[in-house]
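Before any comments, here is the structure.
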Amino acid sequence: MTIDDILGLARSLPGSLVLSPEPGGEYPEIAWGDHFFYYSPDGRVPQRIQPYATIVTKNYPGDEASRLDVDGRWRINVHVTRERFAHLIGQQAAAVDFAGVDLAATDTVLPHPVYARTGLVAVVNPGQRTRDLVADLLREAHDRALSRATRHAP
């Protein structure tokens with residue numbers, strides 16, 4: 001599974017907005033080359049709403065455990081429900097214990113190295129084992145974002 005595969009899937013979902021900051025744009029340099037997924041049928045980046053998924057292509061300060069500084073490594077992060085997190089990770093998000101977890105493992109669903117407690121799971125370089133699951137998680141997160149937006153619409 002490639003970044004382009006995921007971007008193609010995300011862009012095919014109704015009302016999907018994929019923000020992909022590039023050099024020289026209005027977004028900070030640290031975000032260049034990364035991708036942020038929102039439900040936004042009007043095509044504008046929502047204010048005060050976190051993306052339902054992201055793809056990061058480099059280490060961020062305080063988030064080096066996935067070793068994304070190695071060429072060719074990247075990570076998809078997806079927000080999941082508490083129940084889905086517990087099923088996937090085997091722990092509750094609010095009390096996740098990283099002991100014995102290799103946060104740099106590839107093609108494996110992992111708790112997000114920094115934001116697991118908020119319900120984010122992560123997969124470094126999704127492959128054969130996780131490709132279908134990653135696609136399902138992305139669709140589920142999009143559907144929840146759509147549902148939230150519909151509930152809060154004027």
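The values are calculated or read from the model by the stated rules, or taken from the named source; none is laboratory data. The structure presented is a predicted model; accordingly, all values stated were derived computationally and were not measured. Cβ sites come from the backbone with ideal geometry, for glycine too, and all protein chains shown count toward neighbours.
Taking each residue of the stretch 4-16 that is within 12 Å of ALA141 (Cβ to Cβ) and looking for partners that are among the hydroxyl-bearing types (Ser, Thr, Tyr) and surrounded by 15 or more Cβ atoms within 10 Å (Cβ to Cβ) with beta-carbon atoms closer than 7 Å, six or more apart or interchain, yields ALA10/SER16; SER16/TYR39.
Annotation note: Cβ proximity below 6 Å between a residue of the stretch 82-111 that is over 17 Å from LEU138 (Cβ atoms) and a residue that is part of a loop (DSSP other than H, G, I, E, B) and of a type outside the set (Ser, Thr, Tyr) (sequence gap 6+ or interchain) occurs for ALA86/GLN92; ALA93/GLY119; LEU103/ALA65; LEU103/PRO113; ALA104/ARG67; THR106/ASN125; PRO111/VAL96. Looking only at residues in the stretch 67-121 that are more than 16 Å from TYR52 (Cα to Cα) and charged (D, E, K, R), the one that is surrounded by the most Cβ atoms within 10 Å (Cβ to Cβ) is ARG73.
Condition check: on the phi > 0 side of the Ramachandran plot, out of contact with any helix residue (DSSP H, G or I) (no Cβ under 9 Å at 6 or more places or on another chain) and at pLDDT below 95. Does ARG67 satisfy that?
No: the conditions fail for ARG67.
Among what's in the stretch 17-44 and is over 14 Å from the mean Cα position of the chain (by Cα) and within 17 Å of ARG144 (Cα to Cα), pick the residue that is surrounded by the most Cβ atoms within 10 Å (Cβ to Cβ). Result: SER40. Taking the stretch 122-154 as the range and being buried (at least 17 other Cβ atoms within 10 Å of the Cβ) and part of a loop (DSSP other than H, G, I, E, B) as the test, the residues that pass are ASN125, PRO126, THR130.
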